[in-house]
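Student: Structure below; questions to follow.
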């Protein structure tokens with residue numbers, strides 16, 4: 001049995017990172033008028049999931065701080081899901097159902 005040495009080895013971190021990168025790639029095709037609203041918000045919140053997981057890992061010695069950062073990560077994931085729901089209503093982005101189900 002091997003011990004996890006850093007946050008990058010956590011499966012949840014790897015999945016969050018993969019989702020953030022996929023969101024970045026797909027959001028490159030969003031309408032230009034959404035670049036400073038939907039696109040930016042979705043990218044920021046998806047990246048924040050990874051960042052909060054990394055911070056939680058570093059603060060794992062302090063239970064309250066650890067749980068707080070995990071709660072922040074969960075909240076950012078919910079925000080990302082909400083932005084994906086908005087994106088699915090945009091006419092050229094109807095193919096988001098596969099991406100949304102994975103996030």
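Student: What label, among (1) 1.16; (2) 1.24; (3) 1.05, belongs to Rg/Rh (Cα atoms, Kirkwood Rh) computed from the structure on display?
Tutor: (3)
Student: So how tilted is helix 63-88 from the main axis of the chain? Cα-based, degrees 0 to 90, rounded to 10.
Tutor: Result, in degrees: 10.
Computed from the coordinates by the stated procedures, all read-outs in this text should not be read as laboratory data. Remember, predicted model here, so these are calculated numbers, not experimental data.
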